Amino acid sequence: MASVTLSEAEKVYIVHGVQEDLRVDGRGCEDYRCVEVETDVVSNTSGSARVKLGHTDILVGVKAEMGTPKLEKPNEGYLEFFVDCSASATPEFEGRGGDDLGTEIANTLYRIFNNKSSVDLKTLCISPREHCWVLYVDVLTGKRVGKVLHASLQSVVHKEESLGPKRQKVGFLG
Amino acid sequence: MAMEMRLPVARKPLSERLGRDTKKHLVVPGDTITTDTGFMRGHGTYMGEEKLIASVAGSVERVNKLICVKALKTRYIGEVGDIVVGRITEVQQKRWKVETNSRLDSVLLLSSMNLPGGELRRRSAEDELAMRGFLQEGDLISAEVQAVFSDGAVSLHTRSLKYGKLGQGVLVQVSPSLVKRQKTHFHDLPCGASVILGNNGFIWIYPTPEHKEEEAGGFIANLEVISRLRNCIISLVTQRMMLYDTSILYCYEASLPHQIKDILKPEIMEEIVMETRQRLLEQEG
C-alpha cells in the first residue's frame, strides 16, 4: 500500500498516542473515518458503487451474465473478481506495477465470499447443472490505495444491494 | 465497531454561503486578463497577441500597474529568509537533500549546519563520516532559506539555536499559498502546544517544551490538544482560509465544544470555520 517516511521521534509519538487509544487525528483505535457511498454510478452494469474512505477512492461494478455452473457445485452460481490497481492511484502502479496488489486483493475477496453467510450462491442457480448466474465483479482503484480491501468489500456489498429484485438481500460485511 | 456512512452531497459555492459582494477574479491558463497594454506583467502571466494571458490557474492581483496571477495550488517557491520545515530524503557527501514540497529537492550543506556544542570550526573528514549521526533519512528539520540557486533549488541553513532537528510531534502538509507571511513563524499557543508554520506548507505541531517536565499528567492532555489543533488546521485548509497564529487559535477555541474526531465531519468543519471567520472579521473591524 502507500508508503510514508517518518522520523523516529514521530513514530514514538504515534505509538505513545495509540497506547492511550488516541490516534493522531483524534480517533480511537477502533474508530473509522467517514465513508462516502454512491450507488448506480456506472450505467452499463447491473449494479455499481463508489466508496470513498479517507484518501482511498474505489469504484466497483457488477455485471450479471448467464453461464454454466461449476462441476463440483451444480446447484450454485459463482462470483468472479477482478481488481485493477490503476496508475492513476499512485505512480508505482504504472504498467505492471499494480498487478501483484490487484491479484492479492482479488484472491482475498474470493476467500471472503466463499462461504454461505455472505452471498447465498444457491439463489444464483437457474436450472441445476445447466444454467446459473455468474456475477462479474470489477474493482477499480483511483487516488491513493490505503484501505482498498476494506473499501472494496463495502462496495461489493453495496452493489449487491443495488442490483434488481432477483438478487437476495446481503448481510453487511464490516 | 460503528461505521458512519454518508451519501455524497453537492458542495455549495463559498460566495453563496458568505453572501460576499466582491468576487475574486479567477482565471485558468489561457484566459485573457486584460487587453490594456499599459500594465506590467508579473508572475503567472504572459503576453500573446497583444493581450495579457494567464499561464496558471488562480486569482488576479493588481498592485498599481503590476498585474500578476497568484496560483491557488502550487509547489513551494523559495525566497531568501523563509522558514521551512523539511524532511531529509538523502545523505550525500557534505550535504543533505531535503524535501520541502518544491520543484527540486532543497539542499542543506554540512557547513550550514550547527555542530553540537555550538563550535565554529572547519568541517573535517570525520564530520563528513558522522553526518548520518546528525540527520538520517526521514528526519524532520526546521531551517531558513539561505540562497536560491538559478534552477530554483533552495539552499537551507540551520545556523541558529531555534532551527534544527525536530522531535516528537505531528506534521501537517498544506498548500504553500495558504500560509500567511508574518514576522515570526514559531508560535507558542496558549493551549499548551507550539506550532511552526513553514512557508513551504509543512506545519509542525509539537508540545511546548516547558510542559515536558510534568510528563505524566500532562502527556495525554497534550496529545489531545495536538490532535485537535491538527484537525482544526485541516478544516481551515479545506475551507481555504489563510493560516496564521490567530486563525488557528480562534479555530481551536471554536472547536472546543465538539469531540476531536467529529471536527473532520463536513458539517462541523463548516460550522467551526464559519465561526472563526466571523471572529476574525470582528477583530479586524
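Between residues in region A:58-76 that are among the basic types (Lys, Arg) and residues that are in a strand (DSSP E or B), which pairs lie under 8 Å by C-beta distance while being six or more apart or on different chains?
Close Cβ pairs satisfying both conditions: A:63/A:135; A:63/A:136; A:63/A:138; A:70/A:78.
Quick one: in region A:25-51, which of the residues that are facing chain B (nearest Cβ under 10 Å) and either touching a residue at least 60 places away in the same chain (Cβ under 8 Å) or at positive phi (or both) is surrounded by the most Cβ atoms within 10 Å (Cβ to Cβ)?
Ranking the qualifying residues of region A:25-51, first place goes to A:51.
Pick from region B:158-183 the residues that are more than 13 Å from the chain's Cα centre (by Cα) and surrounded by fewer than 18 Cβ atoms within 10 Å (Cβ to Cβ): which of them is nearest to the other protein chains (Cβ to nearest Cβ)?
B:167
Of the conditions (1) more than 14 Å from chain A (Cβ to nearest Cβ); (2) open to solvent by less than 50 Å² (accessible area, probe 1.4 Å); (3) in contact (Cβ under 8 Å) with a residue 40 or more places away in the chain, residue B:103 satisfies every one except a single condition; which number is it?
So residue B:103 meets the others, but not (2).
Here is a yes/no grid of residues against (1) more than 19 Å from residue B:158 (Cα to Cα); (2) part of a loop (DSSP other than H, G, I, E, B); (3) of a type in the set (D, E, K, R):
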residue: B:29; (1), (2), (3): yes, yes, no
residue: B:70; (1), (2), (3): yes, no, yes
residue: B:80; (1), (2), (3): no, yes, no
residue: B:84; (1), (2), (3): no, no, no
residue: B:87; (1), (2), (3): no, no, yes
residue: B:90; (1), (2), (3): no, no, yes
residue: B:116; (1), (2), (3): no, yes, no
residue: B:119; (1), (2), (3): no, yes, yes
residue: B:122; (1), (2), (3): no, yes, yes
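Residues of region B:252-262 being farther than 18 Å from residue B:171 by Cα, in contact (Cβ under 8 Å) with a residue 12 or more places away in the chain and in a helix (DSSP H, G or I), which ones?
If the condition is that a residue be farther than 18 Å from residue B:171 by Cα, in contact (Cβ under 8 Å) with a residue 12 or more places away in the chain and in a helix (DSSP H, G or I), then B:254, B:255 are the ones that fit.
Could you please tell me which pairs satisfy a Cβ distance under 6 Å, a separation of 6+ or placement on different chains, a first residue in region B:66-91 that is of a type in the set (Lys, Arg), and a second residue that is open to solvent by less than 20 Å² (accessible area, probe 1.4 Å) and at pLDDT below 90?
B:70/B:58; B:70/B:59
Against the definition (surrounded by 13 or more Cβ atoms within 10 Å (Cβ to Cβ) and on the phi < 0 side of the Ramachandran plot), how does residue A:109 come out, yes or no?
Working: surrounded by 13 or more Cβ atoms within 10 Å (Cβ to Cβ): yes; on the phi < 0 side of the Ramachandran plot: yes.
Taking the combined requirement at face value, the residue satisfies it.
What strands (runs of 3 or more DSSP E) completely inside region B:128-174 contain at least 1 residues that are closer than 30 Å to residue A:26 by Cα? Reasoning before the result, please.
On the way: elements: B:140-148, B:154-157, B:170-173.
Result: B:140-148, B:170-173.
Tell me yes or no: at least one residue of region A:68-82 is polar (S, T, N, Q), modelled with pLDDT of 85 or more and either surrounded by fewer than 15 Cβ atoms within 10 Å (Cβ to Cβ) or in contact with a strand residue (DSSP E or B) (Cβ under 8 Å, 6 or more places away or on another chain) (or both). Walk me through how you get there before you give the answer.
Let us first name the residues in region A:68-82 that are polar (S, T, N, Q), namely A:68, A:75.
Checking the rest, the ones that are also modelled with pLDDT of 85 or more come to A:68.
Remaining after also requiring either surrounded by fewer than 15 Cβ atoms within 10 Å (Cβ to Cβ) or in contact with a strand residue (DSSP E or B) (Cβ under 8 Å, 6 or more places away or on another chain) (or both): A:68.
Taking every residue of region A:68-82 in turn, at least one turns out to be polar (S, T, N, Q), modelled with pLDDT of 85 or more and either surrounded by fewer than 15 Cβ atoms within 10 Å (Cβ to Cβ) or in contact with a strand residue (DSSP E or B) (Cβ under 8 Å, 6 or more places away or on another chain) (or both).
Report, by residue number, each residue of region B:223-255 that is more than 24 Å from residue B:9 (Cβ to Cβ) and within 13 Å of chain A (Cβ to nearest Cβ).
We begin by selecting, within region B:223-255, every residue more than 24 Å from residue B:9 (Cβ to Cβ); these are B:223-230, B:242-250, B:252-253.
The answer is B:223, B:224, B:225, B:226, B:227, B:228, B:229, B:230, B:252.
With B:269, B:274, B:241 as the choices, which residue is of a type in the set (A, V, I, L, M), outside any helix (DSSP H, G or I) and either open to solvent by 20 Å² or more (accessible area, probe 1.4 Å) or on the phi < 0 side of the Ramachandran plot (or both)? Let's see the steps before the verdict.
On the way: B:269 fails: outside any helix (DSSP H, G or I); B:274 fails: outside any helix (DSSP H, G or I).
Among B:269, B:274, B:241, only B:241 is of a type in the set (A, V, I, L, M), outside any helix (DSSP H, G or I) and either open to solvent by 20 Å² or more (accessible area, probe 1.4 Å) or on the phi < 0 side of the Ramachandran plot (or both).
Only one of A:22, A:6 is within 9 Å of another protein chain (Cβ to nearest Cβ), touching an Asp or Glu at 6+ places or on another chain (Cβ under 8 Å) and either at pLDDT 85 or above or open to solvent by less than 40 Å² (accessible area, probe 1.4 Å) (or both); which? Explain how you work it out, then say what you get.
Numbers: A:6 fails: touching an Asp or Glu at 6+ places or on another chain (Cβ under 8 Å).
Of A:22, A:6, the one residue that is within 9 Å of another protein chain (Cβ to nearest Cβ), touching an Asp or Glu at 6+ places or on another chain (Cβ under 8 Å) and either at pLDDT 85 or above or open to solvent by less than 40 Å² (accessible area, probe 1.4 Å) (or both) is A:22.
Spot the failing condition for residue B:150; the list is (1) buried (at least 19 other Cβ atoms within 10 Å of the Cβ); (2) among the polar types (S, T, N, Q); (3) over 29 Å from residue B:252 (Cβ atoms), and only one is missed.
With respect to (1) buried (at least 19 other Cβ atoms within 10 Å of the Cβ); (2) among the polar types (S, T, N, Q); (3) over 29 Å from residue B:252 (Cβ atoms), residue B:150 is out only on (1).
What are the residues in region B:38-78 that are farther than 30 Å from residue B:144 by Cα, surrounded by fewer than 20 Cβ atoms within 10 Å (Cβ to Cβ) and touching a Ser or Thr at 6+ places or on another chain (Cβ under 7 Å), if any? I'd like the intermediate steps shown before the answer.
Initial filter on region B:38-78 (farther than 30 Å from residue B:144 by Cα): B:38-40, B:46-54, B:64-65.
Adding the requirement that they be surrounded by fewer than 20 Cβ atoms within 10 Å (Cβ to Cβ) leaves B:38-40, B:46-51, B:53, B:64-65.
Passing the criteria: B:46, B:50, B:51, B:53.
The values are calculated or read from the model by the stated rules, or taken from the named source; none is laboratory data. Not measured: the values here are computed from a predicted model. Note that each Cβ is placed from the backbone with ideal geometry, even for glycine, and that neighbours are counted across all protein chains shown. Heavy atoms of the whole protein, side chains included, go into the accessibility calculation; ligands, DNA and RNA do not. Shrake-Rupley method; radii C 1.70, N 1.55, O 1.52, S 1.80 Å.
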